[in-house]
Structure formats: C-alpha cells, structure tokens
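Asks: One structure coming up, written as structure tokens, with questions to follow.
The values are calculated or read from the model by the stated rules, or taken from the named source; none is laboratory data. Note that this is a predicted model, so its numbers are computed, not measured. Here the Cβ is made from the backbone with ideal geometry for all residues, glycine too, and neighbour counts use every protein chain on show. All accessible areas refer to the heavy atoms of the entire protein, side chains included, with ligands and DNA or RNA removed. Shrake-Rupley method; radii C 1.70, N 1.55, O 1.52, S 1.80 Å.
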Amino acid sequence: MDVSATERDDLRRSVRDFAASRPLADAVRRVVEGEAAYDQAAWDTLATTMGLTAIGIPQEYGGAGYSVAELGIVAEELGRSLAPVPFLSSAVLATSALVCCADDAAKAQYLPGLADGGAIATVALGGFTSWPFPDRTAINASATDHGHRLAGTAGHVLDAGAAGLLLAVAGLEDGWGLFAVDPASPRVVLRRHEALDLTRPLYSADFDEAEAVLLGRGPADWPGLAGLASRISAALACEQAGGMASCLETTVAYLSSRAQFGRPIGSFQAIKHRCADLLVELEAARSVAYEARDRAANGLPGRPGVVAAAAAAQSWCGDAYVHAAQEAVQLHGAIGFTWEHDVHLHLRRARADQLLFGTPRAHRRALADSMGI
C-alpha cells in the first residue's frame, strides 16, 4: 500500500495525541508495581478505536495492509511514553513471525485475531548468538505421529503472561520451523524474571516435550527468519529513537525551569553542549532507524541490504538510547536518581532493549560480515 508523507504525519500525530491524552504515567506505575500486566484500557483503544494492532497485517487477513514503515512510526511514538501495552510482543513480533514465516493457512487462522486485538501473542526465540538467526540449540523440535514436540528454553519472552498464543522458533534437523504452542500447556513452564525494565514483563519459557503445531519451515539460512529479525530490529530501533526523544525533551524542559545563581541552568554553556550532543545522537538514531524500517518495508525478506540496515540500526540505537537515558538522569540532578521520577524508567528500558535481540556488539559483527570485513 502506498502511503503519503501526509498520511504518515497524521498517523504519528494521532498516536502522540493518544499518549498525551491518557494518564499513561499512572498506568506505567501500576505495571511497575505489579498491579497489572499491561494497560487493558489503552490496549483496547489502540486495537478497536485506532486499529493499530492491524497496521502491519495484510488486508487479506483482516489487517490494514500497511508496512513496517508505519509499524515503526507507532513503535516510536509508544516508545516516547513507555506505553505499557503488548504492542512490541504481539503487533510486531508475533504478527511479523506469521507474516514472514508461516504458511497461508496459518496466516488465515491466526492473523485476524491479532489484527482486531482480541488475541495477544508473543514469540519465543533462543538467544541471538549469530544474528539474524537465533541459537539453534535453544529450542529443538522433533516429529511425532501426531505433530511435533518442543524441548528447550527461550530466555527472553515478552509479555508471555498475557499471551494466549506462543509462537516458537525451533531448530529442525534440516533447518528451522515456526510452531504454535499453547502457553497454558502443562509441559510449558513460564517463569517471570525480575527484569531491569519494569514496564515490560519478561519471561523465560521452558518446553518439556510440549505439543506444537508446525506453521512454517525453512532451511538453515531461511530468508523468512532473517526477514523476521530485520522487522523486529527496525521496529525496536524506532522505539529506541522515541525513547531518546522523550529523554531529551524532558531534560530540556527541566533545565529550562530549574534555576541556579539567578538563571536557568540550561543557559550554562557546559549544559548546552551536553544537550546539543544528545540532539546530534538522536538525529543519527532517527536516520538509521528510519533507513532500517524503510528497507524492511520495501526490500525482500532476508535480503542482505535489509539485514545490514537492521544490524546498523540496532548497533547505534541500542547504545545511543542508553547514553541519552544516562544523561537525562544526571542532568536532572538529585531528583533524577529518585524512584518517584520517571526518567529512571527510560534508563531501565534502554538497558533492557540493548540486550533484547542481540547486543550492539553482535549487530556490529553481523554488519561487518555483511560487508565482507
């Protein structure tokens, strides 16, 4: 679907207005304190009123038919507010896994429910030891007379406690498979971690010969799986850029109001330089994230240029978001180190995102490999 710049601006504005009009800070605190897994009211609005859960799903499966570019815009704006909704896990990871890796029958079965927000799903992946492919030994699938069984552990499964469907990427003898698993199965054990990011519940999933339905399969260098990695990395990079923007804007507002020696502390040259450096890093993060999302939207799944752009985005944005959040904490002075101020939540999110789908070092290695270095 061709989308104009004006339509993208309207989409960005509507999501930003949504975040500004809701008491998301209170909802974030409820999730942080363990009172809720996510903000149900916000999720319902995103799904039913705004239709954003359908944005990355083809129209023939009940979706809006937009691309990763528009998906990235929503992720960026939700990242600004730390919106406590399972958008990354369900609307990005799960739908991307089905779009890139599942067969047509599986897409027709699962995507409509994800499109209308009535279903929430997440993806279980092994650690990214060789990006863009996960660890082949983390989860293994074996064929039985009635289907397949999975054995192994996935250590970083987002929002698994809220998901009614678990999609697992597992190793087969001749390649990879995407499987549907019931998270309520007695042979699936979900363990919630005391994660650094308090706004996004993180689980491990242990599969003990759990029954699974094969949704799609491919060879060891499966382009579909590389395409999945590129889509989620591009969306995550956009989310990180949004978080950076929030850190900078919040900090500048504070520096403009906090006075010392009879003048706003933001007027001191040393402070200006630090803010200017953050702005340069933010613009660079936006550029590389937008390049990754646009290549993922327009390129073939798994195409080397698409994979390289996603690796470059994660290499830069992962470190840049951490630096922006650290600077925000320090430039807020003593209040930035308190539990009551929300700036520390961005630092927690930044540190967690930095390791979520491969470290910046692993992405730099993948980028170098793609360039033959």
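Asks: Can you name every residue in the stretch 4-36 that is modelled with pLDDT under 80, in contact with a helix residue (DSSP H, G or I) (Cβ under 8 Å, 6 or more places away or on another chain) and open to solvent by less than 40 Å² (accessible area, probe 1.4 Å)?
Replies: Within the stretch 4-36, Leu24, Ala27, Val28, Val32, Ala36 meet the criteria.
Asks: One residue is enough: does the stretch 178-195 have a residue meeting the conditions buried (at least 21 other Cβ atoms within 10 Å of the Cβ), touching a Cys at 6+ places or on another chain (Cβ under 9 Å) and modelled with pLDDT of 95 or more?
Replies: yes
Asks: Would you pick out the residues in the stretch 45-65 that are outside any loop (DSSP other than H, G, I, E, B) and within 19 Å of the chain's Cα centre (by Cα)? Spell out how you get there, then give the answer.
Replies: Initially, the stretch 45-65 is screened for residues outside any loop (DSSP other than H, G, I, E, B), giving 45-49, 52-54, 59-61.
If the condition is that a residue be outside any loop (DSSP other than H, G, I, E, B) and within 19 Å of the chain's Cα centre (by Cα), then Leu46, Ala47, Leu52, Thr53, Ala54 are the ones that fit.
Asks: Do you know which of the residues in the stretch 154-177 that are over 19 Å from Leu111 (Cα atoms) and assigned to a loop (DSSP other than H, G, I, E, B) is most open to solvent (accessible area, probe 1.4 Å)? Steps first, answer last, please.
Replies: Narrowing the stretch 154-177 to residues over 19 Å from Leu111 (Cα atoms): 154-157, 161, 170-176.
Checking the rest, the ones that are also assigned to a loop (DSSP other than H, G, I, E, B) come to 173-174.
Values: Glu173: 189, Asp174: 102 Å².
Restricting to residues being over 19 Å from Leu111 (Cα atoms) and assigned to a loop (DSSP other than H, G, I, E, B), the top hit is Glu173.
Asks: Of Ala334, Ala368, which residue is assigned to a helix (DSSP H, G or I), at pLDDT below 95, open to solvent by 60 Å² or more (accessible area, probe 1.4 Å) and farther than 28 Å from Leu202 by Cβ? Spell out the reasoning first.
Replies: Details: Ala368 fails: open to solvent by 60 Å² or more (accessible area, probe 1.4 Å).
Result: Ala334 is the single residue among Ala334, Ala368 that is assigned to a helix (DSSP H, G or I), at pLDDT below 95, open to solvent by 60 Å² or more (accessible area, probe 1.4 Å) and farther than 28 Å from Leu202 by Cβ.
Asks: Within the stretch 240-249, is there a residue that is open to solvent by 40 Å² or more (accessible area, probe 1.4 Å) and more than 30 Å from Arg351 (Cα to Cα)? I'd like the intermediate steps shown before the answer.
Replies: Within the stretch 240-249, the first condition is being open to solvent by 40 Å² or more (accessible area, probe 1.4 Å), and the residues that meet it are 249.
In the following step, the residues that additionally are more than 30 Å from Arg351 (Cα to Cα) were identified as none.
No, that holds for no residue.
Asks: Moving on. Restricting attention to the stretch 101-143, and to residues there that are among the hydroxyl-bearing types (Ser, Thr, Tyr) and over 16 Å from Leu214 (Cβ atoms), which single residue is surrounded by the most Cβ atoms within 10 Å (Cβ to Cβ)? Before you say what the answer is, go through the steps one by one.
Replies: Start the filter on the stretch 101-143 by keeping residues that are among the hydroxyl-bearing types (Ser, Thr, Tyr), which leaves 110, 122, 129-130, 137, 142.
Among the residues that remain, those that are also over 16 Å from Leu214 (Cβ atoms) are: 122, 129-130, 137.
On the way: Thr122: 27, Thr129: 13, Ser130: 14, Thr137: 11.
Of everything passing the filter in the stretch 101-143, Thr122 is surrounded by the most Cβ atoms within 10 Å (Cβ to Cβ).
Asks: If Ala309 satisfies every condition in (1) among the hydrophobic types (A, V, I, L, M, F, W, C); (2) open to solvent by 20 Å² or more (accessible area, probe 1.4 Å); (3) touching a helix residue (DSSP H, G or I) at 6+ places or on another chain (Cβ under 9 Å) but one, which is the exception?
Replies: Tallying (1) among the hydrophobic types (A, V, I, L, M, F, W, C); (2) open to solvent by 20 Å² or more (accessible area, probe 1.4 Å); (3) touching a helix residue (DSSP H, G or I) at 6+ places or on another chain (Cβ under 9 Å), Ala309 fails exactly one: (2).
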